[in-house]
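Student: My questions all concern the structure below.
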Amino acid sequence: MVDLQEYLWMVILGFVIAFILAFSVGANDVANSFGTAVGSGVVTLRQACILASIFETLGSMLLGAKVGETIRKGIIDVNLYNETVPVLMAGEVSAMVGSAIWQLIASFLKLPISGTHCIVGSTIGFSMVAIGTKGVQWMQLVKIGMSMTMLPSVLCMWFTINDYITQPAAGQD
């Protein structure tokens, strides 16, 4: 059994990196959610910050546990790391560092990115480097990929149909 006391520094570093990652995810999400509304003058920057603070916090409190569980256990097979817990710890911290740095750079450069894609990709990357392709739960990854592509497609069709149905009524008095 590994004495995890000697890895306390990595846990503390992980908390610091997680805070930076949360900042970068929040900054990117707020820019995506409220950029158009602020740019068009519908809401002020102050109103957008207040709304974002409320709803980003609510979203993470209400939905964050399920997302965290999927990221933690659904992408890689953590049971394969039972004998090498420090490798898993270092890999996850490295994934968070890579994701946070990329999101901060991309946000600074005003590039449209997805925080979910960043952390999923970096988690897959560290697992493939650490133990090869056997560590990735490929079928779960297919489900995640399907949800990332199917939901926008279904919503696009729904709103197109809705717009088509309601469009003639909008022009009538």
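The values are calculated or read from the model by the stated rules, or taken from the named source; none is laboratory data. Please read all numbers here as calculations on a predicted model, not as lab measurements. Note that each Cβ is placed from the backbone with ideal geometry, even for glycine, and that neighbours are counted across all protein chains shown. Surface areas here come from the heavy atoms of the whole protein model, side chains and all, with no ligands, DNA or RNA. Shrake-Rupley method; radii C 1.70, N 1.55, O 1.52, S 1.80 Å.
Student: If I compute Rg/Rh (Cα atoms, Kirkwood Rh) from the structure I just sent, which labelled value in (i) 2.19; (ii) 1.07; (iii) 1.17 lines up?
Tutor: Among (i) 2.19; (ii) 1.07; (iii) 1.17, the one calculated here is (ii).
Student: Express the C-alpha Rg of segment 46-90 as a ratio against the empirical globular expectation 2.2 N^0.38 Å, rounded to two decimals.
Tutor: 1.74
Student: Next question. Once ligands and nucleic acids are excluded and a 1.4 Å probe is used, how much of S114 is accessible, expressed in Å² to the nearest 10?
Tutor: 40
Student: Which lysines, if any, have their Cα less than 19 Å from the Cα of K134, not counting same-chain residues under 8 positions apart?
Tutor: Cα-Cα hits under 19 Å: K73, K143.
Student: Using alpha-carbon pairs under 8 Å, 6+ residues apart, how would you state the relative contact order of the chain in percent?
Tutor: Here the relative contact order equals 28 percent.
Student: Applying 1/(1 + (r/R0)^6) with R0 = 30 Å to the Cβ-Cβ distance of S60 and V87, what FRET efficiency is obtained, to the nearest 0.05?
Tutor: 0.60
Student: So, one more: Please compute the length gained on full extension between T44 and L109, using 0.36 nm multiplied by the number of residues separating them and subtracting their Cα-Cα distance.
Tutor: 21.1 nm
Student: Just to confirm the filter: which chymotrypsin sites (Phe, Trp or Tyr not before Pro) across segment 100-173 are DSSP coil and have at most 11 other Cβ within 10 angstrom of their Cβ?
Tutor: Loop-located and lightly packed - none at all.
Student: To continue, here is another question. Taking 0.36 nm per residue of sequence separation and subtracting the Cα-Cα distance, how much length would be gained by fully extending the chain between I101 and N79, in nm to one decimal?
Tutor: Gain in length upon complete extension: 5.1 nm.
Student: Something else: Which of rounded, prolate, oblate describes segment 1-97, given a ≥ b ≥ c as roots of the alpha-carbon gyration tensor eigenvalues and a/c under 1.5 marking rounded, otherwise prolate only if a/b is larger than b/c?
Tutor: Since a/c reaches 1.5 and a/b is larger than b/c, the shape of segment 1-97 is classed as prolate.
Student: Which of rounded, prolate, oblate describes segment 60-154, given a ≥ b ≥ c as roots of the alpha-carbon gyration tensor eigenvalues and a/c under 1.5 marking rounded, otherwise prolate only if a/b is larger than b/c?
Tutor: oblate
Student: To make sure I understand the rule: partners must be lysines, Cα under 22 Å from the Cα of K110, and not fewer than 8 residues away in the same chain. Which ones qualify?
Tutor: Within the straight-line limit of under 22 Å, K110 reaches no lysines at all.
Student: Please compute the modelled spin-label separation between Q167 and F23, points set 7 Å along Cα→Cβ, answer in nm with one decimal.
Tutor: Taking the two extended label points, one gets 4.6 nm.
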